[in-house]
1. If PRO243 satisfies every condition in (1) under 16 Å from VAL19 (Cα atoms); (2) surrounded by fewer than 22 Cβ atoms within 10 Å (Cβ to Cβ); (3) more than 9 Å from the ligand (Cβ to nearest atom) but one, which is the exception?
2. Kindly indicate the residue of region 61-77 that is free of Cβ contacts under 8 Å to residues at least 40 places away in the same chain and of a type in the set (Asp, Glu) and also surrounded by the fewest Cβ atoms within 10 Å (Cβ to Cβ) among those meeting that condition.
3. Could you count how many residues in region 78-109 are surrounded by fewer than 17 Cβ atoms within 10 Å (Cβ to Cβ) and under 18 Å from the mean Cα position of the chain (by Cα)?
4. If I go through region 54-100 residue by residue, how many of them are closer than 23 Å to GLN5 by Cα and not acidic (Asp, Glu)?
5. Hey, can you tell me all the residues within region 227-267 that are among the charged types (D, E, K, R) and out of contact with any Ser or Thr (no Cβ under 8 Å at 6 or more places or on another chain)?
6. Kindly evaluate ASP50 against the criterion of being acidic (Asp, Glu) and within 12 Å of the ligand (Cβ to nearest atom).
7. Might you check whether a residue that is closer than 12 Å to ILE268 by Cα, surrounded by 14 or more Cβ atoms within 10 Å (Cβ to Cβ) and either touching a residue at least 12 places away in the same chain (Cβ under 8 Å) or small (Gly, Ala, Ser) (or both) occurs anywhere in region 4-13?
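No lab work stands behind these numbers, since they all come straight from the coordinates. Remember, it's a predicted structure, so these values are computed and weren't measured experimentally. Counting neighbours? That spans all protein chains shown, and the Cβs are built from the backbone with ideal geometry, glycine included.
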Amino acid sequence: MSILQEKIQLNNGTAIPVVGLGTVTPDDKKPILREVVRTAILDAGYRHIDTAWYYGVEPILGEVLEEIFNEGKIKREDLFITTKVWPALWSNPQKSLDKSLKDLRVDYVDLWLQHWPLTFKSDENGQPPVPRDSSGKVIEDDGDFLDTYKKMVDIYKNSNKVKAIGVSNYSIGNLDRLLKETDVVPVINQIELHPQLPLNDLVEFCNKHKIVVEAYSPFGSNGAPVLELPLVKQLAEKYNVRPADILVNYHTASGRVALPRSLNPDRIKQGYKKVPLTKEDLAKLYEIGEKEPKRYIKEDWGHHIGLPFWD
Ligand code: NDP
């Protein structure tokens with residue numbers, strides 16, 4: 001059975017499909033994205049797309065989505081679309097949202113996230129997206145990253161353009177501050193998470209505050225190293241599924257959302273099967289990262305934002 005259409009409730013009463021299509025796409029692979037998205041939605045049954053202003057793919061997604069809606073098989077309200085505000089546009093999230101909506105060719109997004117709790121010193125159009133000085137160091141602005149979320153709250157409350165708001169790459173300390181200084185609890189915190197990086201304290205904090213955790217890079221990103229773990233392979237054999245099914249179910253069985261990416265249409269077509277992982281299976285998967293944590297996405301701008309295991 002596929003789990004692509006299963007949903008969980010968010011703290012504002014909306015619901016999110018537990019698996020979303022990751023859309024980070026290297027430039028040389030962008031031509032394949034059209035086919036991947038069509039296959040994902042029309043053949044595999046994906047109903048959730050995770051994208052961002054920063055990924056540079058929203059114009060491509062917009063074209064494909066418009067095409068699919070015009071064909072009449074899927075309606076806008078059948079899909080859950082997420083986009084994000086990049087730190088280069090931290091002081092003007094409205095501009096970021098308007099650009100994303102225009103490029104995606106939709107009137108609203110289902111979820112809008114603050115991509116990182118950071119402020120970059122870029123121009124009013126968010127250029128360059130990652131400003132660096134002559135030594136290569138990221139140039140940060142002296143603003144407060146929480147101002148972005150506060151502006152997102154205003155937009156959420158005063159327009160129909162976003163159905164829910166949330167954050168990404170927030171540590172416990174940053175979430176704690178957000179909860180004290182604002183009156184809208186984010187519905188989501190999107191973070192790197194997989195058996196090598198279980199981040200139990202952060203996940204527990206989110207659960208306590210009814211913030212659903214979304215797992216990005218669930219396979220360990222490029223090259224998919226987490227799929228190679230011996231226990232993941234053993235469990236795949238035990239249940240006669242693919243290692244990728246095990247890693248997706250590791251999250252969905254624990255009430256989280258998984259955001260796997262593949263630019264291989266044959267893989268996309270297979271979707272993800274529901275696997276009856278036992279408590280013992282899950283405990284063994286958690287043990288891997290509890291003993292030897294490993295983070296794969298270690299962007300240099302993220303080392304000081306309070307998320308563990310950056311070095
Ligand atoms: P993933 O962890 O999803 O891994 C992607 C890699 O896995 C690709 O190399 C892909 O290769 C490979 N792969 C996928 N399926 C299989 C399979 N069945 N067997 C073998 N290999 C496979 O990577 P991402 O880092 O892209 O994370 C997923 C999504 O999370 C992103 O696309 C984005 O939407 C989000 N994200 C958010 C971030 C944030 O800061 N909020 C940061 C990073 C990601 P192939 O294409 O050949 O299948």
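1. It is condition (3) that PRO243 fails.
2. Within region 61-77, the first condition is being free of Cβ contacts under 8 Å to residues at least 40 places away in the same chain, and the residues that meet it are 64, 66-77.
With of a type in the set (Asp, Glu) added as a condition, the list becomes 66-67, 71, 77.
Values: GLU66: 14, GLU67: 13, GLU71: 10, GLU77: 8.
Filtering region 61-77 for residues that are free of Cβ contacts under 8 Å to residues at least 40 places away in the same chain and of a type in the set (Asp, Glu), the one surrounded by the fewest Cβ atoms within 10 Å (Cβ to Cβ) comes out as GLU77.
3. Adding up the residues that qualify gives 1.
4. Going through region 54-100 one residue at a time, the tally reaches 18.
5. First, pick out the residues of region 227-267 that are among the charged types (D, E, K, R): 228, 233, 237-238, 242, 245, 256, 261, 266-267.
The answer is GLU228, LYS233, GLU237, LYS238, ARG242, ASP245, ARG256, ASP266, ARG267.
6. Values: acidic (Asp, Glu): yes; within 12 Å of the ligand (Cβ to nearest atom): yes.
The answer is yes for ASP50.
7. Here is the first cut: in region 4-13, the ones closer than 12 Å to ILE268 by Cα are 4.
In the following step, the residues that additionally are surrounded by 14 or more Cβ atoms within 10 Å (Cβ to Cβ) were identified as 4.
With either touching a residue at least 12 places away in the same chain (Cβ under 8 Å) or small (Gly, Ala, Ser) (or both) added as a condition, the list becomes 4.
Among the residues of region 4-13, at least one is closer than 12 Å to ILE268 by Cα, surrounded by 14 or more Cβ atoms within 10 Å (Cβ to Cβ) and either touching a residue at least 12 places away in the same chain (Cβ under 8 Å) or small (Gly, Ala, Ser) (or both), which makes the answer yes.
Residues checked against (1) more than 8 Å from the ligand (Cβ to nearest atom); (2) touching a strand residue (DSSP E or B) at 6+ places or on another chain (Cβ under 6 Å); (3) within 25 Å of ALA52 (Cα to Cα); (4) of a type in the set (S, T, N, Q):
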{"residue": "VAL226", "(1), (2), (3), (4)": "no, yes, yes, no"}
{"residue": "VAL232", "(1), (2), (3), (4)": "yes, no, no, no"}
{"residue": "ALA236", "(1), (2), (3), (4)": "yes, no, no, no"}
{"residue": "LEU247", "(1), (2), (3), (4)": "yes, no, yes, no"}
{"residue": "HIS251", "(1), (2), (3), (4)": "yes, yes, yes, no"}
{"residue": "ALA258", "(1), (2), (3), (4)": "yes, yes, yes, no"}
{"residue": "ARG261", "(1), (2), (3), (4)": "no, yes, yes, no"}
{"residue": "ASP266", "(1), (2), (3), (4)": "yes, no, yes, no"}
